[in-house]
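> My structure is below; once you've seen it, I'll send some questions.
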C-alpha cells in the first residue's frame, strides 16, 4: 500500500508541476478575425483567381518581393496577366513585377490604361492598429489615399478587388468580380488590424549591441539622424513634440521620385511618374513604420532601394535634401541629414535589431498556443508553427545580414530547428515549441536588457 | 533645437499634412449606385434628376430625404453606372445627366452646402 501511495503521490506531483498554463482570455473578436482570415486567403470574389493573400502572403510578412515571387509556380494567380488573354495588356507589367516586385495601380483613373498608371511595391499589412490613423482620417496605401468609399481600411478591399481581382479590363461588377459584402469588409478589417504588433514601442530601448545602441542614438538625435521626427518611436506617426499631439500618420514629399537610376527606369519599360496623394497628385507619400522594415524590403513606394542600409543612406542624398520635406528640415535645423558611412550602418543596425525583436515577439506569440495546447485544431497548430518558423528565419536573415549578434543568431537557429521538429512531430509538438520559446528568449536576452 | 523642430513640424504639417485623407476616387468609378462602402446610405444622397441646368452647372434632384439643387464644378467626377446592363462604367459629363435618371451624389466634405465631389448616374445603355 505504502509504495502505491508514494507512486500515486509522485504522479500527482509530476502532473501538478506540469499543469498547462491556462489560455489567455479569448479575444471577443476572435470569430470575426478568423472569418476575416479565411476570406483574406481563400476568397477570390469570383474574379481572376487572386485572393488578398496573393499579394499579401502570411509567410512573407504580408508583402511580396522578387525573391518570393521567384518561388511561385508560373500558374499562380499573381501572374494572371501572363496567362489570361483578357489581362495580357494594361493590367500588370510582368517583367517589372518579377524583377522588382512592382504592381500596376490606376490611381489617377481608368480612362487611359496604356499610359495612366503607377507602379508600386506591395505594402505589408502589419501593425495597422498604430500606423494609419490621422486627424484627417485613415491613410491607407502608399499615398495615404488607397481606399474608395469612406476611405477607411474597411473599404480598402472593395478598391483592391476592382483594381486587382477583375477577370477583364471591363471591370463590371457581377461579371468580372463581385464586390465584398459589408460583413466581409468587417471581417477583413478585423483580421488586418489583428496582424503584427498591437502597440507602439517606447524608445529608447536598453539595447546591448554597441553598434545598434549608437544607431538608436543617431535615430533619436535632433541634430544628426532626426529620424524620430517622422517616425516617432520608430513607428509611422509624427513625433508629438514636433508635430503636436495626435499628429498621427503623415504624408511627405521626400523626393523618392527624383532618385536617379531607379532600377525600373533602367529597363526599357514605360514607368510613368508617380505623383502621390490625390488626383492630380501633390507629390506626397505615406510614412510607413520602420519597425517592420528590415525584413520587408525593397523600400519606398516604388521599391527603388533594395537594402535597409540603402534606405537609410537615401536621406543623405540630394533627392531627399532637395525635396520639400528635406528643405523644410534644413531651414528648421540649419542642415540636412548628413550621416557618414559608419553612421548609416549604425542606424540600419538599430532598425535590424528592432525588427528582430518584433519577429521574436511574433514567434513566441505563435509558439505559445502550441506549447500550451491552446490551439483548437490541427490546422491552427500548423499555421502557428509555420508562422513561427517564418519569423525565425527572418530574424536570422536580418541579424546575419548586418553581421550582428552571432550568439543570438545561434539561439535563433536552434529555435528554428526546434520549431521544425515541432512541425514534424506527432506527439511532442508542445515540448519542442516550449524549447523553441526558450531559445527565442535567449536570443532576445542577447539583444536587449530585460527589466 | 527642439523649438526649431517644433516650428518645422508645424510648417510641415500645414504645408504637407493638413489636406483631407480622402478616399481614392479612381475605383469609385466601378462601384454601382448605392454600394459605396461606408458612404451609401449614410453620407450620400440617392434620388432622381428633376432638372439639369448646363449653364449654371447645377441639377435639381429629389429623393427620400427631400429635394436638392446640387452644384457641380470642374473637379466633380461624373460616373456613368452601366453595371445593371452589365457594361463597363465610364466617365461622363453633365450632358449625360438626363431628367428621370437615378443618381447618387456625394458632397465635398460631406456638407450639403458644398459642391459635389462625385455623382453617379445610372444608365440603361
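Bear in mind these aren't lab numbers, they're just calculated from the coordinates by the rules spelled out. Because the structure is predicted, anything quoted here is derived from the model rather than measured. Every residue, glycine among them, receives a Cβ derived from its backbone with ideal geometry; neighbour counts consider all protein chains shown.
> Calculate how large, on average over all directions, the projected area of the Cα convex hull of region B:23-122 is; give the answer in nm² to one decimal.
Averaging across all directions leaves 5.8 nm² for the Cα convex hull.
> Taking each residue of B:31-37 in turn, how many C-beta atoms of other protein chains fall within 10 Å of its C-beta, and what is the average?
What the average comes to for B:31-37 is 6.
> Please give the length that would be gained between residue A:450 and residue A:169 if that part of the chain were fully extended, namely 0.36 nm times their separation in residues minus their C-alpha to C-alpha distance (nm, one decimal).
Gain in length upon complete extension: 95.7 nm.
> Okay, next question. Grab the beta carbon distance between residue B:55 and residue A:210, set R0 = 56 Å, and tell me the FRET efficiency rounded to 0.05.
Working from the Cβ atoms, E equals 0.15.
> Here's a follow-up. Take A:55, A:227 and order them by how many other Cβ atoms sit within 10 Å, fewest up front.
A:55, A:227
> I'm a student and want to see the number: the projected area of the Cα convex hull of chain A, averaged over all directions, in nm².
Computed as one quarter of the Cα hull surface, the answer is 24.6 nm².
> If N is the number of residues in region A:297-360, what value comes out of its Cα radius of gyration divided by 2.2 N^0.38 Å?
1.23
> So if I take the centroid of the Cα atoms in region A:107-126 and the same for region A:190-231, what is the distance between those two points in Å?
Centre-to-centre distance over Cα atoms comes out at 30 Å.
> Tell me the mean residue ellipticity at 222 nm calculated for the protein assembly as shown from its helices only (DSSP H runs of n ≥ 4, each -39500 (n - 2.57), averaged over every residue, nearest 500).
Per the formula, -11500 deg cm²/dmol.
> Considering every residue in B:56-68, what mean count of other chain Cβ atoms within 10 Å of its Cβ is obtained?
0
> Translational diffusion coefficient, Stokes-Einstein: compute it for region A:160-212 using the Kirkwood radius over C-alpha pairs as Rh, at 4 °C and 1.567 mPa s, and state it as an integer in µm² s⁻¹.
Roughly 86 µm²/s, to the nearest whole number.
> Of all the Cα-Cα pairs you can form in region A:92-188, what percent are over 16 Å apart?
Result for the distance tail: 62 percent.
> Let me ask something else about it. Taking Cα centroids, how far is region A:377-442 from region B:81-125 in Å?
55 Å
> For region A:244-337, how big is the tail of P(r) above 18 Å, as a whole percent of Cα pairs?
Value for region A:244-337: 52 percent of Cα pairs lie more than 18 Å apart.
> Post the alpha-carbon centroid distance, region A:246-286 to region A:306-359, in whole angstrom.
When both Cα centres are located, 17 Å separates them.
> Then there is this: Across peptide A:152-165, what mean number of C-beta atoms from other chains lies inside 10 Å of a residue's C-beta?
Per-residue shielding by partner chains comes out at 3.
> Using Cα atoms only, what is the angle between the long axis of helix A:182-193 and the major principal axis of chain A, expressed in degrees (0 to 90) to the nearest 10?
Taking the Cα atoms of chain A, the angle to A:182-193 is about 70 degrees.
> What is the fewest-to-most order of B:86, B:61, A:410, A:97 by other Cβ atoms lying within 10 Å of their Cβ?
B:86, A:410, A:97, B:61
> Let me know the Kirkwood hydrodynamic radius for region A:349-447, please, with Cα pairs as the basis and the value in Å to one decimal.
In region A:349-447 this quantity evaluates to 12.9 Å.
> With each pseudo-label sitting 7 Å past Cα toward Cβ, what's the residue B:95-residue A:186 distance in nm, one decimal?
About 4.6 nm, to one decimal.
> How do A:195, A:72 line up, fewest other C-beta atoms within 10 Å first?
In increasing order of surrounding Cβ atoms, one gets A:72, A:195.
> A further question on this structure: Give, as ranges by residue number, the residues of region A:427-444 whose backbone N falls under 17 Å from the point 7 Å along Cα→Cβ of residue A:379.
Residues passing the 17 Å test: none.
> Pairing the Cα long axis of helix A:2-17 with the longest principal axis of chain A, what angle in degrees results, from 0 to 90 and rounded to the nearest 10?
Orientation of helix A:2-17: about 10 degrees from the principal axis.
> Round to the nearest 10 and give me the degree value, 0 to 90, for the angle of helix A:378-401's Cα axis relative to the longest principal axis of chain A.
Here the helix axis deviates by roughly 70 degrees.
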